[in-house]
Amino acid sequence: MAGLAPTREVLANGVTVLAKRTSTTPAVTVLANLRVGSVHDPPVHEGIAHFVSRTIDRGTERFTADEIAEELDRRGVSLACPAGRHTLSLACTCLVEDLRDVLAIMGEIAMRPVFPAVEVDRRRGEIVTLIRQDQDNPAVVAVETLMSMLYGDSHPYGRRLRGTVESVERIARDHLQRFHAQHCAPDRLTLALVGDIEPGRAIDTARSIFEQWKGPAVPEVIAAAAPSASGRRCRVVPMMGKSQTDLAYGFVTIARSAPSYHAYWLMNNILGQFSLGGRLGDSIREQQGMAYYVFSSLDASLMPGPLTIRAGVSPANVTRAIASVDTELRKLVTEGPTEQELAESKQYLIGSVPRTLETNMGIATYLQTAEFFELGLDYDVRMPDILRAVTRDDVLAAARGIDPQTATIVVAGPFEGPLS
């Protein structure tokens, strides 16, 4: 396997540029990641990183929001600005001949946003609406309550990404400006440029725009320790006007840098992702017909992240569904995977990599992930052998980190309990 073999260069001011040439289309995908997210939210201004992501493109020192929109529209470019726990991104795809102009606009947005008061007020209303919609959604309520119980309000993973209505109402324009000035700096920016352009030219274009950005180095957020599991915990959030009950069942597990990560990755795939949803999908949805959906997900990040099992069920099936999750976890904890499950899961995960790299955005996202977690530019080449080396005992050891006796369980919807 030849691998992606991207070109990487760190500019004089600390900006990291990753470039990869592809020739499938005469276009370039730009994915700019600022290493700032909700982990940087101060408790009094919970949701401010998300607020910044919603307003950062609404005007800069050189361009108004309308001018930015017009410049991008006439080039057929749609700019996305999502925010997460650790990153704020600017993402788009443009024609090769438009790259410099589009990158210049993205540079203005990343480096010199002004957060106009009228735009801040408009977006505040939109965010409040989104929060209220979340509060009326059993699936969102179940997951947010689970994260709060797993991590506590003092841990950044335990707080809501969008904040609360009260915290968002407290955020003013000067708070957004100060947050940007404190947390957005050259050494926090990574650019991935993927498309039909020679890497040296792509890097030179990025240098001409971003190397002018000056700013002090920003320290990394110190990893916060999550509370230790002290036994099984259950909570019901009654939402009696709904038709479906949503279940979130989870554990705090590992950071992405943990040596056991690939064993956990395989274990999670066997449990709730492979084929029609792994063991959970086969038992709860296919054999018993109890769930509208069921799956598990592993979110190992800079700090130990959660393994979460999600399910949507009829209120009449809540206790049976939880009991079935318990049963499948106990089997995995005591017996581990079968050799066939392990082999098929390895084959599936190894085979999934080429599929994720079929588009320029897929490649750009993969490069950003490798850079963010310091996996190395050749991780796509090394990963298959790393997975092949994981043994059944390694996966069994990972499974023992998700014992049902230490599970945290949240049910949200037309259900009033009890749970055990």
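The values are calculated or read from the model by the stated rules, or taken from the named source; none is laboratory data. Please read all numbers here as calculations on a predicted model, not as lab measurements. Quick reminder, even Gly has a Cβ in these numbers, built from the backbone with ideal geometry, and neighbours come from all protein chains shown.
Per-residue answers, yes or no, for (1) outside the structural domain of Leu34 (by TED's automatic domain parsing); (2) within 17 Å of the chain's Cα centre (by Cα); (3) without any contact (Cβ under 8 Å) to a residue 40 or more places away in the chain:
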site	(1), (2), (3)
Asp153	no, no, no
Gly158	no, yes, yes
Thr164	no, no, no
Val168	no, no, no
Ala172	no, no, no
His175	no, no, no
Arg178	no, no, yes
Ala181	no, no, yes
Ala185	no, no, no
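Among the residues of the range 131-157, those identified as at pLDDT 95 or above, touching a helix residue (DSSP H, G or I) at 6+ places or on another chain (Cβ under 9 Å) and of a type outside the set (Ser, Thr, Tyr) are Ile131, Arg132, Gln133, Asp134, Gln135, Val140, Val141, Glu144, Met147, Met149, Leu150.
How about the range 42-60: which of its residues are modelled with pLDDT under 95 and in a loop (DSSP other than H, G, I, E, B)? I'd like the intermediate steps shown before the answer.
Just the residues of the range 42-60 that are modelled with pLDDT under 95, to begin with: 42-44.
Result: Pro42, single match.
Taking the conditions (1) buried (at least 22 other Cβ atoms within 10 Å of the Cβ); (2) touching a Phe, Trp or Tyr at 6+ places or on another chain (Cβ under 9 Å); (3) part of a helix (DSSP H, G or I) in turn, Glu71 satisfies each one other than (1). Can we say Ser23 is of a type in the set (S, T, N, Q), out of contact with any helix residue (DSSP H, G or I) (no Cβ under 7 Å at 6 or more places or on another chain) and not in a loop (DSSP other than H, G, I, E, B)? When the stated conditions are applied, Ser23 does not pass them.
For the range 292-303, a residue qualifies if it is under 17 Å from Ser38 (Cβ atoms) and surrounded by fewer than 19 Cβ atoms within 10 Å (Cβ to Cβ), and the qualifying residues are Asp299, Leu302. Among residues of the range 88-109 that are touching a residue at least 24 places away in the same chain (Cβ under 8 Å), those with a beta-carbon under 9 Å from a residue that is crowded, with 22+ Cβ neighbours inside 10 Å and aromatic (Phe, Trp, Tyr) at least six positions away or on a different chain give the pairs Leu103/Phe210; Gly107/Phe210. The residues listed here are Thr356, Thr369; of these, the one that is surrounded by fewer than 16 Cβ atoms within 10 Å (Cβ to Cβ), touching a helix residue (DSSP H, G or I) at 6+ places or on another chain (Cβ under 7 Å) and closer than 30 Å to Leu88 by Cβ is Thr356.
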